[in-house]
1. Specify which of the listed residues (A:108, A:90, A:139) is surrounded by 21 or more Cβ atoms within 10 Å (Cβ to Cβ) and within 13 Å of chain B (Cβ to nearest Cβ).
2. Looking only at segment A:75-87, count every residue that is surrounded by 14 or more Cβ atoms within 10 Å (Cβ to Cβ) and facing chain B (nearest Cβ under 9 Å) and tell me the total.
3. Criterion first (within 14 Å of chain A (Cβ to nearest Cβ) and modelled with pLDDT under 90) does residue B:215 satisfy it?
4. So which residues in segment A:1-26 are closer than 22 Å to residue A:164 by Cα and exposed (fewer than 15 other Cβ atoms within 10 Å of the Cβ)?
5. For the subset of segment A:55-74 comprising residues that are surrounded by 14 or more Cβ atoms within 10 Å (Cβ to Cβ), more than 10 Å from chain B (Cβ to nearest Cβ) and touching a residue at least 24 places away in the same chain (Cβ under 8 Å), which member is farthest from the chain's Cα centre (by Cα)?
6. Taking segment B:189-212 only, how many residues are surrounded by fewer than 23 Cβ atoms within 10 Å (Cβ to Cβ), touching a helix residue (DSSP H, G or I) at 6+ places or on another chain (Cβ under 6 Å) and within 13 Å of another protein chain (Cβ to nearest Cβ)?
7. I'd like the residue in segment B:27-72 that is part of a loop (DSSP other than H, G, I, E, B) and away from chain A (no Cβ under 14 Å) and, out of all such residues, is nearest to the chain's Cα centre (by Cα).
């Protein structure tokens, strides 16, 4: 369970995350949605201790993320950010093998080899690396950015499978409401640094809720038993 | 196409070849054109050789590690104002005490003071930046550039008001030269370099992870701030030791590090670090042989290195190969 307790973050004079209280239960796929600047990515970065918070605490299974040694946390929680550029020249296999670093500190074992082979089946190297890290909690910051339709669907199915078959707790920041609606167990909607709404897709993907969050008109359709929001005209 | 042919070689093969070439260069340096008694030549050249090997090791390792923690391939410790600080310290000493007194002071004491000042400088700068509001390495680098300009301007100012005789002495000290190695310093420099290497060895397993970038390193459980601080201190010690031994060689580290990245098939540190060290040794020892035997000591190795390194730097910039 990830517990977020009164967490705030300020960039300069701007309050980006404003006293968020949130509990992310173990298991399932949780999507975080919201307009630009709502604080989604910042919140995810604080949960994964990439940036520090100005106030509040985050605990993962009772471990305070700012105090727990990095390698202990890295065996429980993994994070993938949006832009991953690097100067190092590596083969995909070498990159994916870094996912085992929290477990082996750079000395590959036979068991690591099996993990790597399994993860290599996924086409996207950085995602494979995170899967290879094999943590209970997996955080993804806009993993669908720059993906075409086919790859986006594959990605969401993959995350769905990680949650369902492997029992992982997957938290994803998404921009596409319909992906969130079709694949999530739970949706958290943020606005102005606060949690505006949270609940199942049935509770969140409603015209009046989405209109309040995004400030634009929505129409909700039931298609093949899924709630699809349209907002294009 | 030498690079293509080399690329097909396994990393270990490249390292073995480079190691053999380095050994041959060392042997040649010790024996070539030897006239006179061996009991004089061997210790005399041995000191020079030891200094060159120490400097090659320090510069190669410090540059590669610095590029790893800053995630770039074009900046070197000199960007942090290290060579400029060295020049400033030298100029300051000579301005305050005069060339005669500085020359007659215990070189080991001078060495420790220089090293201490440089380590202190880098630690203070780093701490200050990382405890402040912004924690970006880019800011650190920008501040380094500004400091470099400040130090350079300050030493230029002092050089204007210095006694012309002292200035000649100073100018000689500020050019890298392997002919004026202070042999008294070899022992203490070797000790410091060994200590720094030992510290670096203990965090060596994080090097490759750090090269992936800050966020990914944290995600993979590396205590990023602590490890980068340790590595920065190691870099400071290595650069101080080599600068104090032979003077500033700005582009040399860039030269050998880039060469190592290009020649090695992947950028894992266990391949790149030894390659950079071996290339540095080959370049320094080989260069010194050419200098002594062909140019008959007419020029300083530092000048040759800066010339080649500067050209290489421009080439890198133009090709945009380095980020």
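The values are calculated or read from the model by the stated rules, or taken from the named source; none is laboratory data. Quantities reported herein were computed from a predicted structural model and do not represent experimental measurements. With ideal geometry, Cβ positions are generated from the backbone for all residues, glycine too; neighbour counts draw on all protein chains shown.
1. Residue meeting the stated conditions: A:139.
2. Qualifying residue count, segment A:75-87: 9.
3. Judged against the criteria, residue B:215 is a match.
4. A:1, A:23, A:25, A:26
5. A:56
6. Selection size over segment B:189-212: 2.
7. B:32
Listed here are the residues, each with its yes/no results for (1) at pLDDT 85 or above; (2) touching a helix residue (DSSP H, G or I) at 6+ places or on another chain (Cβ under 8 Å); (3) more than 20 Å from residue B:73 (Cα to Cα).
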| position | (1), (2), (3) |
| --- | --- |
| B:238 | yes, yes, no |
| B:260 | yes, yes, no |
| B:295 | no, no, yes |
| B:299 | no, yes, yes |
